[in-house]
Amino acid sequence: MNDIKIAPSILAWDLGDLERAVEISVEGGADQVHLDVIDGHFAPNITFGPGTVKALRRRCDLKFDTHLMIDTPLQYVDRFLDAGSDLLTFHAEVLDGPRFDELYRAVKGRGKEVGLAIKPKTELPSWALERLDKISTLVVMTVNPGFSGQSMDMSVMPKLQKIRGIVMDRGLPADIEVDGGVEPENVGEVVKRGGNVLVAGAGVYGKKDPVRAISELRETAERARVKA
Ligand code: DX5
Ligand code: ZN
């Protein structure tokens with residue numbers, strides 16, 4: 001299985017002080033920063049856009065993992081790439097094969113990575129199964145999109161395990177990212193079921209010592225990986 005990667009979600013920090021949020025990720029040794037973009041249509045919240053991503057890019061060299069929870073990703077793909085995103089994740093619920101292909105061309109044409117996310121109740125559609133080799137990160141959401149601080153929906157675990165099985169059977173290099181409610185208490189189970197990129201909002205930024213929370217989450221995940 002791929003390496004464990006920790007992706008703190010800055011949505012859980014004080015949105016007026018996002019500079020500190022990315023500093024914490026750097027100090028804690030995170031692998032990437034998870035940036036939740038929500039448009040108020042796809043999910044019931046409005047967060048930030050490409051201007052914020054660009055401002056943070058000037059303050060941080062970590063990989064930017066931009067999770068687009070928006071209805072019209074094609075309209076914004078270039079702006080998020082210009083802003084400095086390294087991985088752009090789109091939601092399967094607003095796509096089909098041809099739309100995905102268009103996004104894929106736009107992102108790959110600029111040398112960046114494409115992710116595909118699914119909500120807790122969404123199965124990977126057949127058009128996505130046919131294109132798995134084009135997806136660098138499959139994002140399995142374990143909360144409904146919108147807010148940080150929700151608890152993980154454990155009923156997603158069999159789907160996560162199934163997706164890991166498909167990726168392994170086909171010998172694909174895709175990362176499997178688990179997003180929503182990841183905490184030290186459940187990260188072991190998530191890793192055993194096949195998640196290797198661990199998004200954590202409250203699980204990092206909600207802790208007393210968020211810098212330390214990053215390494216603790218990593219250590220717990222690594223231990224579970226050895227046993228898996
Ligand atoms: C939810 C977002 C998640 C969320 C993670 O819409 O996609 O990334 O912020 O935060 P926690 O880990 O607190 O659930
Ligand atoms: Zn997210």
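The values are calculated or read from the model by the stated rules, or taken from the named source; none is laboratory data. All values derive from a computational prediction rather than experimental measurement. So basically every Cβ, Gly included, is an ideal-geometry build from the backbone, and we count neighbours across all protein chains shown.
Summary table
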read-out	value
In the stretch 111-140, the residues that are among the small types (Gly, Ala, Ser), surrounded by 15 or more Cβ atoms within 10 Å (Cβ to Cβ) and closer than 19 Å to Gln75 by Cα	Gly115, Ala117
Selected residue (only one of Val190, Val178, Val199, Val182 is in a loop (DSSP other than H, G, I, E, B) and within 16 Å of ligand 2 (Cβ to nearest atom))	Val182
Test set (1) among the basic types (Lys, Arg); (2) part of a helix (DSSP H, G or I); (3) closer than 19 Å to Glu27 by Cβ - Arg225 fails condition number	(3)
Failed criterion for Ala12 (all others in (1) out of contact with any Phe, Trp or Tyr (no Cβ under 8 Å at 6 or more places or on another chain); (2) within 16 Å of ligand 2 (Cβ to nearest atom) hold)	(1)
Among the candidates Val156, Val143, residue that is within 16 Å of ligand 2 (Cβ to nearest atom), outside any helix (DSSP H, G or I) and either at pLDDT below 95 or closer than 25 Å to Asp71 by Cβ (or both)	Val143
Residue within the stretch 189-199 that is buried (at least 22 other Cβ atoms within 10 Å of the Cβ), of a type in the set (Gly, Ala, Ser) and more than 14 Å from Asp3 (Cα to Cα) present	no
Matching option when the condition is within 12 Å of ligand 1 (Cβ to nearest atom), in a loop (DSSP other than H, G, I, E, B) and either modelled with pLDDT under 95 or not β-branched (Val, Ile, Thr) (or both), among Gly171, Gly149	Gly149
